[in-house]
Amino acid sequence: MRILPKSAFGQTVMLIGVLLLINQVVSYLSVTYYFIRPNYQQINSLIATQIKMVFLDEVNYHDDATQKNIFETTNIHIYSEVEAIDNGLQQAVYYQFFSRQISDLLGGEADVRISSTEPFLIWVNPPQDPNVWITIPMASFSEGDISPLTIYLLVIGILSVAGGWIFVRRLNKPLHALQVAALEVARGRVPAPLEEQGSSEIISVTRAFNRMSKGIKQLEDDRALLTAGISHDLRTPLTRIRLASEMLPEDQSWVKDGIVHDIEDMNDIIDQFIDYVRQDTREQKEKMSLNDLIEDVVQARNIEEHHHIVTHLGNIPEVRLRKVAIKRVLDNLIENAFRYGSDNIEISSEFHKRNRTVSFCVRDFGPGIPEEQMENLFQPFTQGDKARGSVGSGLGLAIINRIVSLHKGQVELTNHPEGGLMATVTIPFN
């Protein structure tokens, strides 16, 4: 179990809380030792002095007239053991602190008790005569005298922690917005400029991030424009070459077929470049059945007689998806499975209730891919093991990874224990 928080917000709040706690403890002890304790010592000294006056040699405290005179002068009562019990001794509470100090002042063992109801009385069984109990009235005295101090310190502590929490939360708000925006950039989307707020340091960081985001947007636009321009310019000579190949004589049909095949490969590569540059962010998400989407793609693929697809679709709820983009993911995974794996593939889907995710898996029965190569396969222009007959531009998995990232999901490649490669796409359910 982790005690110390990892976030700057939690660490700052905890630091403020610890410092305030130390301050409260020091304040409490200071007030207790330098204010409350001296007052109680003074009170105990006065009580001891009054008791000593009762036991002066010239005072006959057993005499009723003398007791009456003492009561009228000082409000001090002198009771025998029986009279003390009759007048509420049993309801009084024993206090060790007072007993110890008054015992020291009187020079012997004294029993000190305080009544729990008004009028508050201090009951003292003095060492000079253990057979008597002396009551001394104390106006507005109670056990809870120090409770206002406790409440005051508690309220100050709560207000201080609350103030520190509000301050740190205000400081943390632009940092959280910066984190969310940075994650958006990581997914290939450029967020709107962030509001510059908070401390001067945070404003500087936010301003720098906005400039960086603007620069990334400009680079993406320039790259898209450049790729579109190159693709357009390449298609024109390719079209002319194809038209020229059609004019070749019949005895050179093998040359014509080779040229046409190369042109088709080049067009496919150009299309992959365009697909990689295109972010697919303009397409809006809509709630749909992933199983229906899989069945549509499978039906379109069934036109090839030598390719066979078996589906194992689970019972999954509808999920918000970019329909065209996810179709491109499915189509690319199926194409890879047929091209590099086997003529027979399996597609399955599943709903993970605990993790609140849906997933689909495309499995082939080919040679698979070495484990050490899988980590880099999602990088652009990276191809798999030559044993799978890798051809093309190496952009297919990079396109898939980008589209799935736009859905806040992930793609995982694993080799099946019984042979073949499994490509699993997991998307959060929302």
Q) Sorting ASP63, ASP364 by accessible area (1.4 Å probe), largest first, what list results? A) ASP63, ASP364
Q.
With a cap of 15 neighbouring Cβ atoms within 10 Å, and only residues DSSP puts in a loop, list the trypsin sites (Lys or Arg not before Pro) found in the stretch 310-366.
A. LYS353, ARG354, ARG356
Q) Of LYS214/LYS287; LYS217/LYS323; LYS173/LYS323; LYS287/LYS353; LYS173/LYS327; LYS173/LYS287, which pairs sit farther than 29 Å apart, going by alpha carbon to alpha carbon? A) LYS214/LYS287; LYS173/LYS323; LYS173/LYS327; LYS173/LYS287
Q: Kindly report, to the nearest 10 Å², the accessible surface of LEU159 as traced by a 1.4 Å probe over protein heavy atoms only.
A: 120 Å²
Q | Theoretical FRET efficiency, 1/(1+(r/R0)^6), r = Cβ-Cβ of ASN355 and THR239, R0 45 Å, to 0.05 | A | 0.35
Q: Quick one: which residues, 5+ away or cross-chain, put their amide H under 5 Å from the amide H of ALA110? H built at 1.01 Å from N.
A: SER103
Q.
If I model a spin label at GLU335 and VAL180 as a point 7 Å from the Cα along the Cα→Cβ vector, what separation in nanometres do I get?
A. 3.6 nm
Q: Would you kindly calculate the mean projected area, averaged across all directions, of the convex hull enclosing the Cα atoms of the stretch 282-326, in square nanometres?
A: 3.6 nm²
**Q.** Magnitude of the charge dipole, the stretch 44-105, Cβ model with Lys/Arg +1 and Asp/Glu -1, debye to 20
**A.** 320 debye
Q) So between GLU118 and ASP86, what do we pick up on full extension, going 0.36 nm a residue minus the alpha carbon distance? A) 9.9 nm
Q.
Using each residue's phi in the stretch 410-424, evaluate 6.51 cos²θ - 1.76 cosθ + 1.60 at θ = phi - 60° and report the 3J(HN,Hα) Karplus result to the nearest Hz, with x for Gly and Pro.
A. 8, 10, 9, 9, 9, 7, 6, x, 9, x, x, 10, 10, 10, 10
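The values are calculated or read from the model by the stated rules, or taken from the named source; none is laboratory data. Just so it is clear, the model here is predicted, and its values are computed rather than measured. Cβ: placed from backbone, ideal geometry, glycine included. Neighbour counts: every protein chain shown. Heavy atoms of the whole protein, side chains included, go into the accessibility calculation; ligands, DNA and RNA do not. Shrake-Rupley method; radii C 1.70, N 1.55, O 1.52, S 1.80 Å.
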